[in-house]
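To start, the structure itself, in structure tokens.
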Amino acid sequence: MSIQYAAASSAELSLQEKGVFGEDNLLTFNTLHELQDHATTAFDKNPLFGTYVEKEETKGHFEWMTYGEFGDKVNLCRSVLKDLGKSLVFPTQGTIQLGNQ
């Protein structure tokens, strides 16, 4: 599965060497974890999620979270869950493995 995005040409070779982009300059991934990791690596400084903030004195504006900030939050959540135990057991759904797999 691949998603096409434009990336800076100077960084493309480095990202290709890391396996983030394929030779066709498409973001490469096989799992959701790889998708999140590769996207936050490739587009670290780009805005991802915006929240509209309206203040009484001024006109409202958007406050943006970047891909890098999102990646940091996901990694923190993954780390906390991993510290709670290697797996969580749900009686009706079996076991879910956590961490880098």
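With a cut-off of 15 Å between beta carbons, the residues surrounding V53 carry a summed charge of -2, where Lys and Arg count +1 and Asp and Glu -1. By the rule of a C-alpha distance below 18 Å, with chain neighbours fewer than 8 residues away ignored, the lysines paired with K73 are K45, K82. Over the range 26-89, all Cα pairs binned in 5 Å intervals from 0 give whole-percent P(r) values of 4, 15, 17, 17, 15, 12, 10, 5, 3, 1, 0, listed from short to long.
3J(HN,Hα) along the range 69-80, derived from phi through the Karplus expression 6.51 cos²θ - 1.76 cosθ + 1.60 where θ = phi - 60°, amounts to 5, 4, x, 4, 5, 5, 5, 5, 4, 4, 5, 4 Hz, with x in place of Gly and Pro.
By how many nm would the segment from T31 to V53 grow when fully extended, if each residue of separation counts as 0.36 nm and the alpha-carbon distance is taken off?
Separation in residues times 0.36 nm, less the Cα-Cα distance, equals 4.5 nm.
Each value in this text was obtained by applying a stated rule to the coordinates, not by laboratory testing. Computed from a predicted structure; not experimentally measured. Because the Cβ atoms are built from the backbone with ideal geometry, glycine has one as well, and the counts that use them run over all protein chains shown.
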